[in-house]
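No value in this document is a laboratory result; all are computed from the given coordinates. Source: prediction; values computed, not measured. Cβ sites come from the backbone with ideal geometry, for glycine too, and all protein chains shown count toward neighbours.
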Amino acid sequence: MNRRTYLKSALILGSLGMASLSVFKWIDITKPVDPALLWSKKDIIGELAELIIPETDTPGAKSAGVPDYIINVLLNCMDIKKQNKFCTGVKDLEAYSINNYGKKFLDCSATERLEVFDYFAQHAGFSYRILNRINNKFFGEPFYLTLRDLTIEGYCMSEKGATQGLAYDYIPVNYNACIPLQPNQKSWATK
Amino acid sequence: MYISGNIKELNTYDAIVIGSGISGGWAAMELCKKGLKTLLLERGRDVEHIKDYPTANLNPWDFKYGLNNTLKDREIDPVQSNSYDPSTKHFYVSDADHPYIQEQPFNWLRGYQVGGRSLVWGRQCYRMSDLDFSANLKEDIAVDWPIRYQDIAPWYSYVESYIGVSGQKENLTQLPDGEFLPPMELNCIEKHLADSLKKNEYNRLLTIGRVANLTRGWDHRGPCQNRNLCHRGCPFGGYFSSNSSTIPAAVATGNLTLRPFSIVTEVLFDPENQKAKGVRVIDALSNEVYEFYSKVLFINASTIATAGLLLNSVSPRFPNGFGNDSNQVGHNLMDHHSSAGAYGLHDQFKELYYKGRRPCGFLIPRYRNLKDGEELDFKRGYNIQGHGERQEWLDRSHNLNGFGKDFKAQLTSPGDWTIWMAGWGECLPYYENRVALDDLKKDKWGQPLLKIDFSFKENENKMMVDIQNTSAEMLENAGFKGVEVFNYKKPGGTTVHEMGTARMGHDPKTSVLNKFNQVHAARNVFITDGSCMTSSSCQNPSLTYMALTARACDFASRQLRNGGL
């Protein structure tokens with residue numbers, strides 16, 4: 001083993017050792033995310049968003065343009081910690097899929113995808129709200145929650161989501177304070 | 001700067017108004033209508049009604065990042081970005097260009113443009129009453145107001161009749177009725193809470209907000225289209241702003257000269273006749289310095305900026321700042337608190353809904369300390385402002401679990417009825433809550449930065465506890481479930497009701513302005529923005545500023561005619 005390889009190994013070993021320490025975690029999640037990396041995950045992000053808001057008799061997340069919205073908002077509006085948690089989350093999900101099903105997430109069947117995603121939904125946070133808040137504050141919000149909130153927001157504010165998934169009233173003119181709920185009434189897209 | 005006779009003549013007006021926001025717009029209109037050649041100075045850019053409302057007709061999907069501010073926005077504008085979003089950002093200043101010093105956390109939210117914050121105000125219009133005007137005297141706090149309700153009542157009517165205020169008469173002494181357009185309507189959950197308050201005989205009532213939104217066409221404007229996008233500027237003129245109403249009216253007289261990008265740095269004092277002779281201005285774009293002269297001067301720069309301007313206007317006669325013989329300029333800064341309240345869900349009325357986006361909520365007028373001898377651990381009071389609605393996607397996203405078809409169905413259908421309500425509370429005038437100039441730090445025009453030292457104190461904090469208790473009590477007695485109290489603990493400034501840094505009073509030794517908003521020591525200078533307030537009441541204050549402005553303009557023009565100024 002030459003000196004260079006030795007140093008490299010030592011560094012790697014050292015880093016691995018520190019990975020369990022929160023100090024390392026802190027440094028890791030505060031460096032900027034590579035936009036190209038995130039954009040390369042657009043397909044899988046689209047499939048995940050579609051699992052949250054699938055196409056039914058109204059459009060789903062994918063056709064409403066939610067994947068682009070998620071990536072744009074993440075890169076430009078969300079703090080670095082959230083961005084990193086999100087990227088790590090996608091990687092973890094891909095790894096989980098390979099470890100448990102022996103294939104990439106995008107190659108999984110519909111049922112398998114649902115199982116994988118459900119695992120992440122179940123492990124998104126502590127069951128005590130206060131612990132979640134503390135955890136979110138120091139380590140960033142769990143990937144699943146960021147994905148879910150951005151999917152909802154992106155869908156409900158998209159043209160298809162607002163006008164077909166929900167009820168959009170561009171210029172209401174009047175305010176009708178108390179009216180009977182119509183059958184299959186969608187809620188209003190804006191308030 | 002050398003001023004030749006000719007330029008001096010060109011730069012001379014009958015009146016100068018500093019600031020074009022909600023009170024400055026009124027001053028400009030009133031003075032112009034009375035035939036005075038008036039110069040309106042605004043430190044920001046021009047904003048023309050309709051033409052300069054770029055986001056007013058956009059859909060939610062027209063914003064690439066939704067209504068999320070970018071990381072860069074938050075870095076450049078750490079204060080303003082808490083209040084703006086991509087649909088309203090253009091009506092707020094940049095913190096980077098216009099810094100100030102927070103000696104304690106204080107959100108100084110500003111809109112430097114023609115129209116000022118009248119483009120983004122909450123539009124609630126409430127009259128103050130003698131409960132408010134006499135409170136300081138009764139409790140021996142600060143100084144007495146030099147006016148009472150009867151002095152200002154006709155001016156409230158005058159202003160309301162012009163701007164158009166929708167509301168419901170309720171015949172309450174603590175919240176006098178006004179000249180109202182038809183009220184907006186309460187929805188079924190709000191009516192339910194109103195009925196419950198009646199039944200419980202608390203001596204409390206719930207009424208629809210009184211707002212400067214037009215329920216029918218008025219003065220070539222409106223009616224309100226119930227879009228609830230007021231803060232983007234309204235192309236229908238559905239609500240009152242300087243831009244939609246007073247400034248066009250001032251322009252129509254032919255007497256107005258509007259000069260945007262004009263940062264007024266000093267009021268110039270003429271020691272010979274003990275009056276102001278004009279102002280010094282820096283052109284915000286060219287950095288050139290100008291002087292403008294007039295017989296009468298109205299300062300309407302907004303509370304904190306007005307205090308800064310007075311403090312920066314130093315002369316041998318006024319070594320501590322213009323009109324500051326009392327050493328009260330900059331002190332007694334107030335802002336309402338609106339952090340504490342309660343929230344609850346109701347499991348009935350599931351078959352009912354609403355259509356349209358009403359641009360106001362409800363009001364439960366002040367019900368505390370209305371009579372002497374109430375045994376509460378705080379002075380003064382608060383009103384409750386809130387709104388009822390069914391949970392929509394934005395509320396449901398935090399409460400619904402799961403994903404998939406069922407989740408989508410729930411997300412996109414109306415949820416439970418909810419009511420959110422919070423107390424808008426009076427803040428006492430404390431001498432130590434103040435605005436001052438920094439000795440060293442300057443802005444990019446070389447003007448000293450303002451330092452703001454403000455905190456809510458024991459009385460306000462005790463009041464917030466009472467707000468939580470009574471709010472929760474009212475909701476629980478009306479059958480709401482999952483009632484939760486909250487206190488967001490937002491710092492001063494957040495309610496954007498700054499007041500009190502150049503207070504009115506009888507005595508020049510303890511106040512800056514007299515009962516007609518004249519500077520005691522320079523009778524041709526009037527200050528009618530929030531800085532004139534002697535106490536804060538708990539009523540939203542803009543209507544009072546407008547009424548005091550119209551009253552002072554009437555007084556000033558009569559004095560000018562009689563040779564009294």
Starting with the fewest neighbours, write out B:Ile152, B:Ile452, A:Ile179 ranked by other beta-carbon atoms found within 10 Å of each beta-carbon.
-> A:Ile179, B:Ile152, B:Ile452
Work from the charge dipole of the range B:334-466 (Cβ charges, +1 for Lys and Arg, -1 for Asp and Glu, about the Cα centre) and give the residue of B:Asn383, B:His336, B:Ser397 farthest towards its positive end.
-> B:Ser397
In sequence order, calculated HN-Hα J values of the range B:352-365 (Karplus, 6.51, -1.76, 1.60; Hz; x Gly/Pro) | 10, 8, 9, 9, x, 10, 5, x, 7, x, 9, 10, 10, x
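May I ask for the net charge around B:Gln328, where only other residues with Cβ less than 10 Å from the Cβ of B:Gln328 are counted and Lys, Arg are +1 while Asp, Glu are -1? Please report the intermediate quantities before stating the final value.
Values: positive: B:Arg434, B:Arg503, B:Lys509; negative: B:Asp325.
Local net charge: +2.
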Expressed in angstrom, Rg and Dmax over the Cα atoms of chain B are 23.6, 81
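Under 1.5 on a/c is rounded, so check that first for the range A:65-121, then, if it is not, pick prolate when a/b is larger than b/c and oblate when it is not; a ≥ b ≥ c are the square roots of the alpha carbon gyration tensor eigenvalues. The partial results should precede the final answer.
Working: a/c = 2.77, a/b = 1.91, b/c = 1.45.
Prolate, because a/c is 1.5 or more and a/b exceeds b/c.
Using the Kirkwood radius over C-alpha pairs as Rh, can you work out the diffusion coefficient of the range B:317-378 via Stokes-Einstein at 20 °C, viscosity 1.002 mPa s, in µm² per second? Kindly include the intermediate steps, with their values, before the conclusion.
Working: Rh = 18.4 Å.
The Stokes-Einstein estimate is 116 µm²/s.
Please order B:Ser535, B:Ser242 by the number of other Cβ within 10 Å, starting at the fewest. Write down the numbers at each step before the final one.
Values: B:Ser535 27, B:Ser242 30.
Listing B:Ser535, B:Ser242 from fewest to most nearby Cβ atoms yields B:Ser535, B:Ser242.
For B:Lys275, what is the net charge nearby, where nearby means another residue's Cβ is under 12 Å from its Cβ and Lys, Arg count +1, Asp, Glu -1? Before the final figure, lay out each step's value.
Working: positive: B:Lys277, B:Lys295, B:Arg317, B:Arg523; negative: B:Asp270, B:Glu272.
Counting the neighbours of B:Lys275, the net charge comes to +2.
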Report the antiparallel proportion of the DSSP beta bridges in chain B as a percent, rounded to a multiple of 5.
-> 70
Taking B:Trp218, B:Trp424 and counting other beta carbon atoms within 10 angstrom, the fewest-first order is B:Trp218, B:Trp424
Determine the relative contact order of the range B:1-113: mean sequence separation of Cα pairs under 8 Å and six or more apart, normalised by residue count, in whole percent.
-> 22
What Rg and what Dmax come out for the range B:373-521 when only alpha-carbon atoms are used, in angstroms?
-> 22.7, 72
log10 I(q)/I(0), Debye, Cα-only the range B:279-410, no solvent, q = 0.20, 0.21 Å⁻¹?
-> -1.28, -1.34
Rounded to whole Hz and in sequence order, give me ³J(HN,Hα) for the range B:109-124 from the Karplus expression 6.51 cos²θ - 1.76 cosθ + 1.60, θ = phi - 60°, writing x for Gly and Pro.
-> 8, 9, x, 8, 6, 4, x, x, 8, 5, 7, 10, 6, x, 6, 6
Residue separation between B:Glu288 and B:Leu172 times 0.36 nm, minus their alpha-carbon distance, gives in nm 36.4 nm
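What helices in chain B pass both tests, a Cα length along the helix axis of 24 Å or more and a mean Kyte hydropathy of -0.5 or higher, using whole DSSP H runs? Kindly include the intermediate steps, with their values, before the conclusion.
Details: long enough: B:458-477 (29 Å, -1.02); B:542-561 (29 Å, 0.05).
Span-like helices, by this rule, are B:542-561.
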To the nearest 0.05, how large is the calculated FRET efficiency for B:Arg216 and B:Ala252 if R₀ is 22 Å and r is the Cβ-Cβ distance?
-> 0.45
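Among all stretches of chain B without exposed GluC sites (Glu not before Pro) (DSSP loop, at most 10 other Cβ atoms within 10 Å), which one is longest? Could you put the intermediate results ahead of the total?
On the way: sites that count: B:Glu201, B:Glu272, B:Glu288, B:Glu351, B:Glu374, B:Glu375.
It runs B:1-200.
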Mean separation of Cα contacts under 8 Å (6+ apart) over length of the range B:76-116, as relative contact order % = 48
Once normalised by the length of chain B, the mean sequence separation of its alpha carbon contacts under 8 Å that are 6 or more apart gives a contact order in percent of 21
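Calculate how many DSSP beta bridges within the protein assembly as shown are antiparallel, expressed in % of all such bridges and rounded to the nearest 5. Show your work: numbers first, answer last.
Working: 55 of 79 bridges.
Counting DSSP beta bridges with both partners in the protein assembly as shown, the antiparallel share is about 70 percent.
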Cα-centre dipole for the protein assembly as shown with unit charges at Cβ (Lys and Arg positive, Asp and Glu negative), debye to 20 = 860
Compute the distance in nm between two label points, each set 7 Å from the Cα along the Cα-to-Cβ direction, one at A:Asp118 and one at A:Asp34.
-> 3.5
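Averaged over peptide A:72-84, how many Cβ atoms belonging to another chain are found within 10 Å of each residue's Cβ? Please list the in-between numbers first.
Details: counts 4, 5, 2, 3, 8, 12, 4, 2, 1, 0, 0, 1, 0.
Mean partner shielding for this stretch: 3.
Longer than 24 Å from Cα to Cα, which of B:Lys191/B:Lys489; B:Lys441/B:Lys490; B:Lys138/B:Lys515; A:Lys41/A:Lys191; A:Lys42/B:Lys408; B:Lys275/B:Lys509 are they? Say none if no pair is.
Going by Cα-Cα distance, B:Lys191/B:Lys489; B:Lys441/B:Lys490; A:Lys41/A:Lys191 fall outside the 24 Å limit.
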Of the listed peptides B:380-388, B:207-215, what is their order by residue-averaged count of other C-beta atoms within 10 Å, with the highest listed first?
-> B:207-215, B:380-388
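Which value, in nm² and rounded to one decimal, describes the direction-averaged projected area of the C-alpha convex hull of the range B:138-283?
On the way: hull surface 59.4 nm².
Orientation-averaged projected area of the Cα hull: 14.9 nm².
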One quarter of the C-alpha convex hull surface, i.e. the mean projected area of the range B:92-216 in nm², amounts to 12.0
In 20 Å bins starting at 0, how do the alpha-carbon pair distances of the protein assembly as shown split up by percent?
-> 15, 44, 30, 9, 1, 0
Placing one equal point scatterer on each C-alpha of the range B:485-565 and summing with Debye, one gets log10 I(q)/I(0) at q = 0.18, 0.25, 0.26 Å⁻¹ equal to -0.76, -1.19, -1.24
Cross-link partners among lysines for B:Lys277, C-alpha distance below 20 Å, same-chain residues fewer than 8 apart left out?
-> B:Lys8, B:Lys37, B:Lys295
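Let me confirm one metric for peptide B:388-397, namely the mean number of other chain beta-carbon atoms within 10 Å of its residues' beta-carbons. Don't skip to the answer; put the middle values down first.
Working: counts 1, 2, 4, 1, 7, 15, 9, 2, 3, 7.
Mean inter-chain Cβ contacts per residue within 10 Å come to 5.
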